[in-house]
1. Name the trypsin sites (Lys or Arg not before Pro) in the chain that are in a loop by DSSP and that have at most 12 other C-beta atoms within 10 Å, would you?
2. About its Cα centre, how strong a charge dipole does the chain have in debye, to the nearest 20, once Lys and Arg get +1 and Asp and Glu get -1 at the Cβ?
3. Any idea which of Ile15, Gln25, Ser66 is furthest toward the positive side of the dipole for the chain, if Lys and Arg beta-carbons carry +1 and Asp and Glu beta-carbons -1?
4. Going by alpha carbons, how many degrees (0 to 90, nearest 10) lie between the helix axis of 17-33 and the longest principal axis of the chain?
5. Add -39500 (n - 2.57) for each DSSP H run of 4 or more in the chain, then divide by its residues: what number comes out at 222 nm, to the nearest 500 deg cm²/dmol?
6. Output the 0 to 90 degree angle, nearest 10, between the alpha-carbon long axis of helix 61-73 and the longest principal axis computed from the alpha carbons of the chain.
7. Is there a quick way to get the dipole size of segment 13-57? I mean about its Cα centre, with the Cβ of Lys and Arg at +1 and of Asp and Glu at -1; what is the value in debye to the nearest 20?
8. For segment 58-81 and segment 1-54, compute the distance between their C-alpha centroids and round to whole Å.
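The values are calculated or read from the model by the stated rules, or taken from the named source; none is laboratory data. Just so we're clear, the structure is a prediction, and the values are computed from it rather than from any experiment. Glycine gets a Cβ as well: all are built from the backbone with ideal geometry, and neighbour counts include every protein chain shown. Note: accessible area is taken over every heavy atom of the protein model, side chains too, but ligands, DNA and RNA are not part of it. Shrake-Rupley method; radii C 1.70, N 1.55, O 1.52, S 1.80 Å.
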Amino acid sequence: MLNYIVYYSFSRSEISGNELKELLQKAKEWNETHQITGLLIYRYNKKFKRGNFLQIIEGPKKSILSAWDRISADPRHHTIT
(Lines give C-alpha, C1' and ligand atoms only; values in the text may rest on other atoms or scores of the structure.)
Protein backbone atom coordinates (compact mmCIF):
# COMPACT_ATOMS: atom_id res chain seq x y z
CA MET A 1 0.00 0.00 0.00
CA LEU A 2 1.35 3.42 -0.97
CA ASN A 3 1.22 6.35 1.40
CA TYR A 4 1.67 9.97 0.47
CA ILE A 5 2.43 13.43 1.85
CA VAL A 6 1.56 16.74 0.22
CA TYR A 7 3.01 19.97 1.59
CA TYR A 8 3.51 23.62 0.74
CA SER A 9 6.25 25.82 2.23
CA PHE A 10 8.11 29.12 1.86
CA SER A 11 11.75 29.17 0.80
CA ARG A 12 14.16 31.12 2.99
CA SER A 13 15.85 32.65 -0.06
CA GLU A 14 15.79 32.47 -3.83
CA ILE A 15 16.95 29.05 -5.05
CA SER A 16 19.17 29.12 -8.15
CA GLY A 17 18.79 26.75 -11.07
CA ASN A 18 22.03 25.01 -10.10
CA GLU A 19 20.87 24.59 -6.51
CA LEU A 20 17.60 23.08 -7.74
CA LYS A 21 19.47 20.66 -10.02
CA GLU A 22 21.66 19.55 -7.11
CA LEU A 23 18.64 19.18 -4.81
CA LEU A 24 16.75 17.13 -7.38
CA GLN A 25 19.75 14.88 -8.15
CA LYS A 26 20.26 14.05 -4.47
CA ALA A 27 16.52 13.51 -3.97
CA LYS A 28 16.31 11.28 -7.04
CA GLU A 29 19.11 9.03 -5.79
CA TRP A 30 17.67 8.81 -2.26
CA ASN A 31 14.11 8.30 -3.52
CA GLU A 32 15.07 5.48 -5.90
CA THR A 33 16.77 3.65 -3.04
CA HIS A 34 13.68 4.04 -0.83
CA GLN A 35 10.99 3.39 -3.48
CA ILE A 36 9.61 6.94 -3.36
CA THR A 37 8.13 8.84 -6.28
CA GLY A 38 6.66 12.30 -6.42
CA LEU A 39 6.63 15.82 -7.71
CA LEU A 40 8.44 18.98 -6.59
CA ILE A 41 7.46 22.45 -7.78
CA TYR A 42 9.44 25.57 -6.90
CA ARG A 43 8.42 29.10 -7.81
CA TYR A 44 10.09 32.39 -6.96
CA ASN A 45 7.97 35.54 -7.05
CA LYS A 46 10.20 38.57 -7.73
CA LYS A 47 7.44 41.03 -6.87
CA PHE A 48 7.05 39.64 -3.34
CA LYS A 49 10.69 38.50 -3.08
CA ARG A 50 9.82 35.02 -1.85
CA GLY A 51 9.72 31.48 -3.13
CA ASN A 52 7.44 28.55 -2.50
CA PHE A 53 7.73 24.80 -2.66
CA LEU A 54 4.89 22.39 -3.36
CA GLN A 55 5.71 18.71 -3.10
CA ILE A 56 3.91 15.40 -3.31
CA ILE A 57 5.75 12.23 -2.33
CA GLU A 58 4.44 8.67 -2.28
CA GLY A 59 5.81 5.31 -1.34
CA PRO A 60 5.97 2.77 1.49
CA LYS A 61 5.01 4.24 4.87
CA LYS A 62 8.45 3.72 6.45
CA SER A 63 10.16 5.46 3.52
CA ILE A 64 7.68 8.33 3.48
CA LEU A 65 8.10 8.97 7.21
CA SER A 66 11.88 8.90 6.86
CA ALA A 67 11.70 11.33 3.93
CA TRP A 68 9.35 13.57 5.90
CA ASP A 69 11.87 13.78 8.75
CA ARG A 70 14.50 14.96 6.26
CA ILE A 71 12.15 17.39 4.48
CA SER A 72 10.78 18.99 7.62
CA ALA A 73 14.31 19.55 9.00
CA ASP A 74 15.64 21.14 5.77
CA PRO A 75 16.71 24.74 6.53
CA ARG A 76 15.98 25.91 2.96
CA HIS A 77 12.31 26.34 3.77
CA HIS A 78 9.90 27.23 6.59
CA THR A 79 6.20 27.49 7.44
CA ILE A 80 5.42 24.01 6.17
CA THR A 81 1.73 23.32 5.67
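1. Those satisfying the criteria are Lys46, Lys47, Lys49.
2. The dipole magnitude comes to about 380 debye.
3. Ile15
4. Computed tilt is about 10 degrees.
5. Calculated from helices alone, the mean residue ellipticity at 222 nm is -12000 deg cm²/dmol.
6. 20 degrees
7. The dipole magnitude comes to about 380 debye.
8. That distance is 11 Å.
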